[in-house]
Amino acid sequence: MSTTAHTIDDPKRSIWDGGQSPLKASYGKLMMWFFLLSDAFTFSALLITYGLVRSAHPAYDGAADAFTFSNTYWPIPEKVFEAVPFLHGVSLPLVFVGIMTFILIMSSVTMVLAVEAGHRMDRKNVEKWMLWTIIGGLVFLGCQAWEWSHFIHGTDGGTVMSFLVNGEWIEKTIFGANLAVNQYGPPDFAAFFFFITGFHGTHVFSGVVLNFIIYYNTVTGVYDRRGHYEMVEKVGLYWHFVDLVWVFVFTFFYLV
């Protein structure tokens, strides 16, 4: 059987024969998409599990104004996340987490601008927009650290909870939340809060580190010498994914 030799310039040659990038995607971008797909499965599993566990707990069915924290029913998120830094005692349901969401979305906008500048080989603007993206990520992490601290320490006065110990019900005042007890409701609520938001926060931290490396390489002219800024685009895919995941976490955990 004879074979016909083809050159890379041969228009009849299949793109899957090597020498070309299928769908015009480089190997690096293709691998990034594979990684993001696997990561999407992980976050999906966490959110689906959260939904299943939440549906197994009774929901509060009284008036919202009469709501009190109890381990007998799932808490109302806007009653849990109503604090804002420097406004002690003021109830602003979901305002602070809304600010966090806005900051992260805006960092995605600056990343888009950095990628666009990279396509134009505009080094100065890539530096500017990457720096703003890094700042946005750091501010988001700082906000999340404050939210965790407030959630762990709890509200003034604590909450009196009932516990079954050796066949007898006892009452105990609980302050804040950890993986064992939870002032705001069933322990599962706190466990999912720490795990889901913590897992996402780890992704944001990793993204900030990657963004800083890209920023450093841009400043030192690495990508100018390579002749392209594809690394900015590849890291941008990761950063957009992190932002998109937060939209789902915000919706499932804080709103629904």
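The values are calculated or read from the model by the stated rules, or taken from the named source; none is laboratory data. Since we're looking at a predicted model, the values are computed, not measured. No Cβ is skipped: glycine too gets one built from the backbone with ideal geometry, and neighbour counts run over all protein chains shown. Remember, those area values only see protein heavy atoms, side chains included, never the ligands or the DNA or RNA. Shrake-Rupley method; radii C 1.70, N 1.55, O 1.52, S 1.80 Å.
Under the √(5λ) rule applied to the eigenvalues of the Cα gyration tensor, what semi-axes describe the equivalent ellipsoid of the stretch 32-151? Give them in Å, descending.
Calculated on Cα positions only, the semi-axes equal 37, 21, 10 Å.
Calculate the translational D of the chain in whole µm² s⁻¹ from Stokes-Einstein, where the hydrodynamic radius comes from the Kirkwood formula applied to all Cα pairs, the temperature is 37 °C and the viscosity 0.692 mPa s.
Using the Kirkwood radius from Cα pairs, D works out to 154 µm²/s.
Using the Kirkwood radius built from alpha carbon pairs, what does the Stokes-Einstein equation give as D for the stretch 189-249 at 4 °C and 1.567 mPa s, in µm² per second?
Calculated translational D: 100 µm²/s.
Given H placed on each backbone N at 1.01 Å, which residues far from residue 74 in sequence or on other chains put an amide H within less than 5 Å of it?
So residue 74 has HN proximity to 59, 60.
Among 150, 88, 240, determine the one that fluctuates most according to a GNM of the chain built with springs between C-alpha atoms less than 10 Å apart.
88
Please report, as a whole percent, how much of the solvent-accessible surface of the chain comes from carbon and sulfur atoms (probe radius 1.4 Å).
The value for the chain is 67 percent carbon and sulfur by accessible area.
Considering amide H positions built from the backbone, and no H for Pro or chain starts, which residues 5 or more places from residue 174, or on another chain, come under 5 Å of its amide H?
Counting only residues 5 or more places away or on other chains, the set is 159, 160, 161.
Between residue 182 and residues 5 or more places away or on another chain, which pairs have amide H atoms under 5 Å apart, with H built 1.01 Å from N, and which residues are they?
Those lying under 5 Å, H to H, from residue 182: there are none.
I'd like to check one number: the per residue accessible area of the chain, probe 1.4 Å, reported in Å² as a whole number. Write out the running numbers ahead of the final one.
On the way: 14530 Å² over 256 residues.
Per-residue accessible area for the chain comes out at 57 Å².
Once you compute Rg and the Kirkwood Rh from C-alpha atoms, what is the Rg to Rh ratio for the stretch 85-224?
Ratio of gyration radius to Kirkwood radius: 1.18.
With θ set to phi - 60° and the Karplus curve 6.51 cos²θ - 1.76 cosθ + 1.60, what are the ³J(HN,Hα) couplings of the stretch 137-144 in order, to the nearest whole Hz, using x for Gly and Pro?
For the stretch 137-144, the Karplus curve yields x, 5, 5, 4, 5, x, 5, 5 Hz.
Taking the Cα centre of the chain as origin and charging only Cβ (+1 Lys, Arg; -1 Asp, Glu), how large is the dipole, in debye to the nearest 20?
Here the size comes out at about 880 debye.
Sort the following peptides by mean Cβ neighbour count (other Cβ atoms within 10 Å, averaged over residues), highest first: 125-132, 192-199.
Order by mean packing, descending: 125-132, 192-199.
For the chain, modelled as a Gaussian network with Cα springs under 10 Å, which listed residue fluctuates most, 106, 231, 31?
31
Placing +1 on the Cβ of each Lys and Arg and -1 on the Cβ of each Asp and Glu in the chain, which of 137, 101, 254 has its Cα farthest towards the positive end of the resulting dipole?
Of the candidates, 137 comes out farthest on the positive side.
For n ≥ 4 DSSP H runs only, could you compute -39500 (n - 2.57) per run for the chain, divide by its residues and tell me the 222 nm figure to the nearest 500? Intermediate values should be presented prior to the final figure.
Numbers: 8 runs with 143 residues, N = 256.
Helices in the chain give a 222 nm mean residue ellipticity of -19000 deg cm²/dmol.
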